[in-house]
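The values are calculated or read from the model by the stated rules, or taken from the named source; none is laboratory data. Just so you know, these numbers come straight off a predicted model, no measurement behind them. Quick reminder, even Gly has a Cβ in these numbers, built from the backbone with ideal geometry, and neighbours come from all protein chains shown.
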Amino acid sequence: MRKRKVLTLFLALLCSICAFNLKAQITIQAKNKPISEIIRMIEKESGYSFFYNNDLPGINTNKSVSINNASINETLKQIFSGTGIYYQVKPEKQILLQYDKPENSQSKPSATSQSVAPVKGTVTDIQGEPLPGAVIVNKKTKQGVQTDIDGKFEIDASPGDILVVSLVGYESMETKVDNKTPINASLRENTELEEVVVVGYGVQQRKSITGAIATVDAKEIVKSPVSDAANALTGRLPGLRIVDRGGAPGTAPGTIDIRGFGSALIIVDGVPANFQQLDPNEIESISILKDAAAAVYGIRASNGVIIVTTKRGTLDRPKFSFSSNFGWQQPTKFPKAVNSVQYQEMMLESEINRTGKPNITREELENWRTGGIDYPNTDWYKEVIRDFAPQQQYNMNVRGGSERINYFTSLGFLNQGGLYKSGDTSFKRYNFRTNVDAKLASNLTARINLSGRKEDRESPYESLSFVMGGLLRNHPMYSPYVNGDKNYPAVTNLTQQNPAVLTNKDLSGYNKQETKVFEGKGEIQYDAPFLKGLTAKASFYYRTYNTWDKKLRRYYDLFKYDKSTDKVINANAGIPPQYLYENMSAGSTSIGQTTLEYKNKFGRHDVAALYVGEYTKTWSNYVRGSRDFLFNMEELNLGLATGQKNEGSGSDKNSIGHVGRINYAFDNRYLLELSFRYDASSTYPKVKRWGFFPGASVGWRLTEENFMKPYSSVISNLKLRASTSRLGDDASMEPYSDRTGYQTPGKDIKGNTIPGYIFGSYGGESEFIYPTASSLGIPNDQLTWMISKTSNIGLDFGLFNNKLTGEIDFFYRRRDGKRATRLTSLPLEFGQKMPQENLNSDSHRGFEIMLKHQNRLKNGLFYSVGGNMSFTRAKYEYLEQADATNSYNNWRVNDMYRWMNKRFGYKSAGQFQSYEEIANWAIQDNNGNNSLSPGDIKYMDLNGDGVIDDNDQAIIGRNNTPEIMFGMDLTVEYKNFDVSILLQGAANFDAYFDSEAQVPFFNGASSLEVFYDRWHREDLFDPQSRWIPGKYPSTYAGGKESNRRVSDFWLQDATYLRLKNVQIGYTVPKKLLTQFKLESLRFYATAYNILTFTKLDIFDPEASQGSRGFYYPQQKSYNVGFNLTF
């Protein structure tokens, strides 16, 4: 297998090296046809694009040509010979046309005005590449010229004249003539309407799109210095919700969904895949399909689709690009624990509150305040966590091609360090990709995509959450090492949980994981010569992966100092024996596709049709084993036979799909798209296996109507869109539910494990237990697809020559047939449980807004400012649930027709200010309020019965899923400098704190520092001294039951705004690079996640709720880097 991979990579690289030695062949026949029509034939035949003014002299002259297997240059020479039309072949398969050669069109000095003089200049794109064929017009004299092959021009003008610079495919700009020459104009590509957008199984021009589709290109993706490409999208696209639940090296975001629908289907180069571990430098563009546009992907597309397109070759000499960035990461926020003095004061207070007696004397407390060798004060976070974790990323790629073969090859490496001072946490990723397009004949094209990825993860044995929890739970009075000697790691209050040991793999053990992924896709495309616009494709994709895990828990010694003997003694009570675990898993995915596509134009009618047949097969299995050891050994065969464990499993799944789509446009005004997906899944029984899922969308381009022409100077683009679709989903369904199955060990209908049946005595034992297997439940041969019905209405607009653009969408989705089990009581003797059925339903509704303004000022400064916002709310439409026992229970428990984003609990009315207030308040501790004290939480008696109980619960807030997501971005470019800023945030969600985040000294742990701001006595030793108010209740070890109720006191608004990304760049002028034969060089500095504005005072707002602080924190980073092209 290894040799095969090496050979495959070698062949791909060989194709790349040889590519630019080949030439394309063109065959066309035309008799007495306009040159403009012959140009369209060449575009179809060769893939080249022509750029010219429609009034170019000679462009509609009739001509007859017969061209057989000629190169592009030979073809152009034959067509334009004797026409006076001059052509220039540019990179990216672009051909520029102008009348006569540029040097013949240069303006001559005018003799009519003494103030008029020749003005020289150069027109380039924003990368500094010269633009031949650009038109420069003097607004005053109406005189115009074109740039030559080097982008240079000369025109008659007077100081103060305005020159208009334009070129097809670029935004026009104006520049004022002054006494300073030459004039340098930089044009930016105009991508608003002519932009080609990747959609399901193809591409469309943005102006023709009728669905809700958002896009982002490669330049935006690489601005964020993240290891995961998905995180680079945060805040950039409306409707895309990405929640970063932690920043551990190599981890992916916890949530990636569209419009809150659930996990989106991700397509990379036409096939389902994971793009989160792609090298961002490989990505060309990303499209988000949010409505009926996703219908063509059928299974698992009901939550929306993310389409990722990787880079391919271009018609150009080979261009090598090298990029590098190096940075430092640190946590955005992490809970802080109390110091030793705060701990002693709070514990003293707790003991007096609990028993009425102090646990420490005034002298001892003063000693803790003074400090010393016998009174340590350990900040466990600082002992274990370093200030910055390093990260570095490199990419080398080559891109180019000839008229016959285009190629892109990329190699990437990422090295991400962890926060542990030991340096024992790391993630390394190696990426390889090569994409090759070969023109085998004039109507036959082959494409090959090869990619591979290797990931190495390494960390100490214990989980990151276990270690992070130890930083908060360990008492500050304990030291990591006895008397500071690292040869003697110390025992702490948590015995085995000394973070200084747990983060050192040489002491505690290690966790290693290696993942290898290889993907290959081959495609053949045939352009039918007998029917214009008909294309046939056949492709095969194969993905294989294997993962190896090895976890070793070492036996280690912990020590403590015995002051009475002045010796260090072993304190190893309860340290577990050495343990070794290994896991090997593998899997593969095979996808075969056949495609027929037809596109043509008949007068004012544009027609396109698509059919795709698709077969998918997935397979996976794993085997794992573990053993205990007496000694530190690292191979399973050396372990103890007692206690050894092994297990394994395998699965496979098949699906078949047929896809159809028809697009129609009349006069570029009225747009229609019809699509369907006919799928079969092995998840369902044969009688329910197939599903038909249609979609439809329409569009109306109002700006193409005659009644809108008078407003064209203001309204550049206006389009209405509407869509509806019906999609199936099998991802949430358990397979084989139509068959009788068994499980071992057996379980009763309530899910309780049955060890076995007892049958008398055996072998001298009083009784013998026979192992059992139990039924998986009643089979259901009527289980079928969960159905999602989606509707969308949208508006696209552009104002003032598209300097201001926007999109507005309103959407609704309903899901029926969600899997559930009826809550029906069955006797234990029945022996089976109820089957899965298509029972539950829910719905989502919301809207999205996107606005963008961009402009280039006369001084050359370009700026772009934009923003997006989405709102989504979900509701239960039907929920299988137990019957209510009374009217209150029906209101409290019944979730039917309720919004999902809600949380029940007690409403607080502040904190008690005095014992008198406690005595006059409703009873809330089941003890006449005798256990309460000032500072405790008081709850509202909603039903007025004088008792705070379950009947007083109500909706107190929202859950931890944001309903509102938003982003704002700003880009400024001036000369060689550029600045980009991205803000991102979320709203309409709450964070609830529990356990250690709610109670000091929870289960013997330490306390968070925030709880030091609490109600307490002025004199901690005197229970009769006056109360000093604080934010939290008085300390009580483990927390008073009354204060621990679920209430809005522990609920905080988690709304946040982040300064997500800031990048400052400088591009070295081309004239300085020419002598070194370099094409471009750009330096930049980036800051990521550097500021967060939120009301939360403990955790990062994206932290997983219920984590109690036991999580690896989100990261902010500072990076510097450069991009070099030669």
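Any idea which residue in the stretch 861-909 is surrounded by the fewest Cβ atoms within 10 Å (Cβ to Cβ), counting only those that are within 28 Å of L1057 (Cα to Cα) and without any contact (Cβ under 8 Å) to a residue 40 or more places away in the chain? Working first, answer last.
So the first thing to find is which residues in the stretch 861-909 are within 28 Å of L1057 (Cα to Cα), and the list is 862-875, 899-905, 907-908.
Retained after the next criterion (residues that are without any contact (Cβ under 8 Å) to a residue 40 or more places away in the chain): 875, 899.
Details: K875: 17, W899: 14.
Per the criteria, the residue is W899.
Of all residues being polar (S, T, N, Q), out of contact with any Ser or Thr (no Cβ under 6 Å at 6 or more places or on another chain) and closer than 17 Å to A117 by Cβ in the stretch 127-161, which is modelled with the highest pLDDT? Just the residue, please. Write out each step before concluding.
Step one: list which residues in the stretch 127-161 are polar (S, T, N, Q), which gives 127, 138, 141, 143, 146-147, 158.
Filter once more, so that each one left must be out of contact with any Ser or Thr (no Cβ under 6 Å at 6 or more places or on another chain): 127, 138, 141, 143, 147.
Imposing the further condition that a residue be closer than 17 Å to A117 by Cβ reduces the set to 138, 141, 143.
Working: N138: 83, T141: 77, Q143: 75.
Going through the qualifying residues, I end up with N138.
Working only within the stretch 10-60, note down all residues that are modelled with pLDDT under 80, within 17 Å of I405 (Cα to Cα) and aliphatic (A, V, I, L, M).
Residues satisfying the conditions are L11, A12, L13, L14, I17, A19, L22, A24.
Being polar (S, T, N, Q) and in contact with a Ser or Thr (Cβ under 7 Å, 6 or more places away or on another chain) is the filter; apply it to the stretch 498-545 and report the residue that is farthest from N487 (Cα to Cα).
Out of the qualifying residues, it is Q525.
Does R433 satisfy the criteria of being closer than 30 Å to D228 by Cα, within 27 Å of the chain's Cα centre (by Cα), crowded, with 22+ Cβ neighbours inside 10 Å and basic (K, R)?
So R433 passes the test.
Output the strands (runs of 3 or more DSSP E) that fall wholly within the stretch 1026-1126 and possess 2 or more residues being over 30 Å from S324 (Cβ atoms) and within 28 Å of the chain's Cα centre (by Cα), or say none.
So the answer is 1051-1053, 1056-1067, 1080-1094.
Filter the stretch 717-732 for residues that are touching a Phe, Trp or Tyr at 6+ places or on another chain (Cβ under 7 Å) and hydrophobic (A, V, I, L, M, F, W, C) and give the result.
L718, L720, L727
Here's a check for you: in the stretch 817-842, which residue that is without any contact (Cβ under 8 Å) to a residue 60 or more places away in the chain and assigned to a strand (DSSP E or B) is farthest from L727 (Cα to Cα)?
T821
Which members of the stretch 693-722 meet the condition of being of a type in the set (V, I, T) and either touching a helix residue (DSSP H, G or I) at 6+ places or on another chain (Cβ under 6 Å) or at pLDDT below 95 (or both)?
T703, V714, I715
Would you say F334 is of a type in the set (F, W, Y) and part of a loop (DSSP other than H, G, I, E, B)?
Here the answer is yes, as F334 does meet what is asked.
Is it fair to say S725 is crowded, with 18+ Cβ neighbours inside 10 Å, in contact with a Pro (Cβ under 8 Å, 6 or more places away or on another chain) and either at pLDDT 85 or above or within 22 Å of S841 (Cβ to Cβ) (or both)? Give the steps one after another, and end with the answer.
Working: crowded, with 18+ Cβ neighbours inside 10 Å: yes; in contact with a Pro (Cβ under 8 Å, 6 or more places away or on another chain): yes; either at pLDDT 85 or above or within 22 Å of S841 (Cβ to Cβ) (or both): yes.
So S725 passes the test.
Taking F466 as meeting all but one of (1) within 32 Å of the chain's Cα centre (by Cα); (2) crowded, with 18+ Cβ neighbours inside 10 Å; (3) in contact (Cβ under 8 Å) with a residue 60 or more places away in the chain; (4) within 27 Å of F629 (Cα to Cα), write down the number of the exception.
(2)
Quick one: is R236 modelled with pLDDT under 90, in contact with a strand residue (DSSP E or B) (Cβ under 8 Å, 6 or more places away or on another chain), farther than 30 Å from F322 by Cα and in a loop (DSSP other than H, G, I, E, B)?
no
Taking L857, is it farther than 30 Å from I288 by Cα and in contact (Cβ under 8 Å) with a residue 60 or more places away in the chain?
no
Which residue is farthest from N474 (Cα to Cα), if the candidates are limited to the stretch 976-997 and must be part of a loop (DSSP other than H, G, I, E, B) and in contact with a strand residue (DSSP E or B) (Cβ under 9 Å, 6 or more places away or on another chain)?
Top of the filtered list is N976.
Of the residues R701, R726, only one is more than 30 Å from K803 (Cβ to Cβ) and of a type outside the set (S, T, N, Q); which?
One residue alone meets the criteria, R726.
What are the pairs with Cβ atoms under 6 angstrom where one residue, in the stretch 62-84, is in contact (Cβ under 8 Å) with a residue 12 or more places away in the chain and the other, located anywhere, is of a type in the set (F, W, Y)? Sequence gap at least six, or different chains.
So the pair list comes out as L76/Y87; F80/Y87; G84/Y99.
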